[in-house]
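The structure appears right after this line, and notes come after that.
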Number of protein chains: 2
Amino acid sequence: MGRVTLQTIADRVGVSRMTVSNAFSRPDQLSDDLRAKVLAAADDLGYVGPDPAARALARGSTGAVGMLLTDSLTEAFGDWVATTFLASVADHLAGAGLALTLLNPGGTHEIVPARDVAMDGVLVYVCGPESQDVAWLKRRRLPMVGVDQTPIDGVAHVNVDDRAGARASAQHLLELGHRRIGILTIGFDDQQGIVDNAAVKPYGFAGQQRLLGWSDALDEAGVTPTIALAPFRPAQAAYDSARQLLQLTERPTAVLCFSDVYASQVLRAAGDLGLQVPSDLSVIGFDDSPLAIQLQPQLTTVRQDIQGKAHAAVSLLTKVLKARQDGTEEPADHLLLPVELVVRASTGPAAKSKARVKAS
Amino acid sequence: MGRVTLQTIADRVGVSRMTVSNAFSRPDQLSDDLRAKVLAAADDLGYVGPDPAARALARGSTGAVGMLLTDSLTEAFGDWVATTFLASVADHLAGAGLALTLLNPGGTHEIVPARDVAMDGVLVYVCGPESQDVAWLKRRRLPMVGVDQTPIDGVAHVNVDDRAGARASAQHLLELGHRRIGILTIGFDDQQGIVDNAAVKPYGFAGQQRLLGWSDALDEAGVTPTIALAPFRPAQAAYDSARQLLQLTERPTAVLCFSDVYASQVLRAAGDLGLQVPSDLSVIGFDDSPLAIQLQPQLTTVRQDIQGKAHAAVSLLTKVLKARQDGTEEPADHLLLPVELVVRASTGPAAKSKARVKAS
DNA sequence: GCCAGGTACTGTACCGGTACAGAGTCATTT
DNA sequence: AAATGACTCTGTACCGGTACAGTACCTGGC
């Protein structure tokens with residue numbers, strides 16, 4: 001007994017293969033009676049439905065879109081922002097009847113998912129333009145939307161206004177009277193601790209944009225921050241760098257952080273050093289993750305709307321998909337989503353007396 | 001200018017289409033010289049590689065396996081166990097050169113991923129046997145491995161020895177002298193608070209197994225627990241149920257919890273009621289998530305090896321895949337992974353005096 | 001000098017569908 | 001009575017590859 005295909009059913013019912021195909025895929029193309037008969041025969045034969053692989057070839061669409069992430073997934077899933085985004089993307093895609101395929105980058109094997117997996121389009125999340133996988137995807141001319149990364153020419157993008165958010169948070173500190181300001185942001189794996197401002201090269205697009213934003217405000221006020229870096233993982237690295245910042249002779253009265261997670265390490269370091277937040281030290285995070293309100297004190301931070309980002313990315317991608325299908329021009333918009341400074345309890349006025357004592 | 005296919009390249013180089021195919025897919029089938037020439041021509045024409053969809057049809061394999069989860073992903077990603085498992089699965093699959101496709105269950109649309117997406121096999125995580133999506137997958141006769149769920153006949157499974165873990169944790173309490181024991185476990189959405197023991201029907205396979213395990217030990221000791229339920233979300237529900245338990249006249253001296261998250265809510269409720277852990281109350285969690293050591297006091301809990309579970313599931317699935325390909329018999333093993341009781345600071349001897357006073 | 005066995009390439013027959021342009025049939029319009 | 005059009009169903013030509021069984025040629029062994 002061979003496999004059941006459209007032809008098997010067609011023979012059984014005594015119609016053409018095309019009619020059986022229509023029974024499944026275009027119900028309006030045949031009478032209800034016949035269709036019922038066909039479906040009954042199909043069911044009887046144990047036919048499940050048109051073979052997805054064959055259909056994908058014939059139709060030119062697969063019903064799945066890919067998602068490329070920089071790191072191994074275990075890495076990415078340790079990050080609240082990435083996880084939340086991914087989940088939200090999957091849910092939004094579900095609404096469009098699309099499945100989400102996770103593309104492991106690299107592929108030491110002869111198999112490179114970005115080259116070898118069939119999909120209708122792809123979301124590229126936090127990947128540099130130099131990524132090999134992105135190169136494959138581009139060569140395939142797959143409909144593509146980049147998210148939270150350095151824009152690539154001719155590709156649609158969704159980004160968050162990291163720069164404006166960072167600017168606002170720095171401005172907030174300035175308005176509170178802070179002048180000795182530390183920055184704890186994300187570096188490459190080999191970067192750790194306080195670094196020369198001229199040499200700072202944060203990791204990733206968001207890292208760069210946030211630094212630019214902080215600098216926008218601080219430069220304007222003539223304030224030169226002290227910058228410390230730490231790789232994203234392990235968390236301890238951020239703690240160590242935070243501690244370095246807080247043990248400077250000219251200890252900052254406030255620290256701007258790359259993320260809420262970094263900020264939590266600053267809080268921990270502050271606690272361990274006997275510093276009160278916000279009276280001795282103000283701390284600002286980024287993202288407004290759930291952590292922000294769990295921390296003691298609750299964190300002043302910059303909120304980004306991750307669900308909104310996912311929604312924007314999915315709808316932009318489906319737009320590109322549709323344009324590709326219709327043969328119309330494919331949008332290559334660069335969306336920039338707004339952020340919002342959320343002031344909570346971790347920031348307060350600069351401690352003037354102490355600052356003077358130390359500064360003199 | 002049409003699309004570049006194998007034929008385009010074959011014509012250009014003056015060889016057969018088959019030779020071009022071999023140049024890409026079976027390098028040993030042609031001379032290095034010719035292969036280089038073919039690849040150069042391909043590159044020149046902007047050919048990316050064999051079309052994945054066509055290849056999938058011809059070869060009968062797609063390079064991706066699916067993963068079916070009960071809930072929406074946003075739901076699942078709120079769960080540390082599920083997230084960690086998912087990430088680990090993806091990473092292990094990467095090692096086998098496979099991508100992971102997330103199958104949204106249901107599909108209100110005419111599109112049902114479980115039926116319509118091409119894949120080589122599928123992991124089914126925490127889905128009941130009554131799931132429609134599982135039914136589709138079974139009808140497709142896809143190689144399949146179930147994880148953390150009620151075993152389905154003829155399907156390979158990976159489960160954790162929840163029952164033994166629960167038994168051990170209850171035993172631990174008994175050995176510490178506890179006789180008034182509360183249980184806080186997972187219920188369906190409409191179940192909340194203390195319920196009649198006879199009527200308890202926990203949610204999901206793990207929930208049922210853990211209850212069985214606790215009962216194994218408690219029954220043997222002639223102890224009848226007080227059982228409270230709470231849906232998995234929101235977390236507040238577990239808190240409310242925990243509070244009910246702790247405000248009983250005959251307050252339990254120890255609480256067994258479905259998960260570390262539940263246990264954390266018990267700790268919180270205990271704190272709010274002025275109870276000291278472990279002197280007034282012992283608490284045991286399940287999973288040994290990172291939360292367990294973040295809590296104050298650190299949690300006694302049952303450790304399950306989630307990475308190991310992912311590894312087992314992936315290698316079992318690849319085994320089934322291989323058997324399918326080779327035409328050999330497909331394994332339908334039911335693996336049961338061991339767990340381990342980890343005793344930390346949240347459990348201690350039953351407070352005898354108090355117990356007597358209240359009990360008298 | 002003949003045969004065995006390799007290597008390098010080709011021809012044919014699929015894989016299992018879908019798109020699209022007919023071709024009948026029958027009721028309605030002019 | 002012929003034309004129009006809606007409704008059903010069919011035939012053919014792909015979609016872009018891969019498997020497998022040749023065929024032709026070359027090399028070495030006896």
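Here, each number is a calculation from the coordinates, and none is a lab measurement. None of the values given here were measured: they were computed from a predicted structure. As a convention, Cβ positions derive from the backbone with ideal geometry for all residues, glycine included, and neighbour counts pool all protein chains shown.
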How many of the residues making up the range B:219-248 are among the hydroxyl-bearing types (Ser, Thr, Tyr) and outside any helix (DSSP H, G or I)? 2
I'm told residue A:237 meets every condition in (1) touching a residue at least 60 places away in the same chain (Cβ under 8 Å); (2) buried (at least 19 other Cβ atoms within 10 Å of the Cβ); (3) closer than 30 Å to residue A:147 by Cβ except one. Can you identify the failing condition by its number? (1)
Kindly provide the set of residues from the range A:110-138 that are assigned to a loop (DSSP other than H, G, I, E, B) and hydrophobic (A, V, I, L, M, F, W, C), ordered by number. A:111, A:112, A:117, A:118, A:119, A:126, A:127
Do we find that residue A:272 is out of contact with any Lys or Arg (no Cβ under 9 Å at 6 or more places or on another chain), of a type in the set (Asp, Glu) and over 22 Å from residue A:198 (Cβ atoms) in this structure? no
Residues that are without any contact (Cβ under 8 Å) to a residue 60 or more places away in the chain and touching a helix residue (DSSP H, G or I) at 6+ places or on another chain (Cβ under 8 Å): which strands (runs of 3 or more DSSP E) entirely in the range A:139-218 hold 2 or more of them? A:193-195
Give the residue, chosen from B:120, B:116, B:133, that is at the interface with chain A (Cβ under 7 Å from one of its Cβ atoms) and at negative phi. B:116
What residue, among those in the range A:160-215 that are within 15 Å of residue A:227 (Cα to Cα) and aromatic (Phe, Trp, Tyr), is surrounded by the fewest Cβ atoms within 10 Å (Cβ to Cβ)? A:188
Restricting to the range B:83-109, name every residue that is surrounded by 21 or more Cβ atoms within 10 Å (Cβ to Cβ), of a type in the set (Val, Ile, Thr) and not in a helix (DSSP H, G or I). B:101
Over the range B:87-104, the set of residues under 23 Å from residue A:88 (Cα atoms) and within 7 Å of another protein chain (Cβ to nearest Cβ) is B:87, B:88, B:90, B:91, B:94, B:99, B:100, B:101, B:102, B:103, B:104
Identify all residues within the range B:14-47 that are among the aliphatic types (A, V, I, L, M) and within 25 Å of residue A:138 (Cβ to Cβ); write none if there are none. B:20, B:23, B:36, B:38, B:39, B:40, B:41, B:42, B:45
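Out of all the residues in the range A:22-35, which are surrounded by 12 or more Cβ atoms within 10 Å (Cβ to Cβ) and more than 8 Å from DNA strand D (Cβ to nearest atom)? Show your work before the answer.
Let us first name the residues in the range A:22-35 that are surrounded by 12 or more Cβ atoms within 10 Å (Cβ to Cβ), namely A:22-25, A:27, A:29-30, A:34-35.
Selection gives A:23, A:24, A:25, A:27.
Please work out which residue is nearest to the other protein chains (Cβ to nearest Cβ), limiting yourself to the range A:8-21 and to residues that are more than 20 Å from residue A:59 (Cβ to Cβ) and near DNA strand D (Cβ under 9 Å from one of its atoms). Explain how you work it out, then say what you get.
From the range A:8-21, those more than 20 Å from residue A:59 (Cβ to Cβ) are A:8, A:11-15; that's our starting set.
So of that shortlist, the ones also near DNA strand D (Cβ under 9 Å from one of its atoms) come out as A:13-15.
Values: A:13: 20, A:14: 25, A:15: 22 Å.
In this case the residue turns out to be A:13.
Show me the helices (runs of 4 or more DSSP H) entirely contained within the range A:30-82 in which 3 or more residues are within 10 Å of chain B (Cβ to nearest Cβ).
On the way: elements: A:32-45, A:52-59, A:73-77.
Of the helices (runs of 4 or more DSSP H) lying wholly inside the range A:30-82, those with at least 3 residues that are within 10 Å of chain B (Cβ to nearest Cβ) span A:52-59, A:73-77.
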Name the single residue that is nearest to DNA strand C (Cβ to nearest atom) among those in the range B:1-57 being in contact (Cβ under 8 Å) with a residue 12 or more places away in the chain and of a type in the set (Ser, Thr, Tyr). B:19
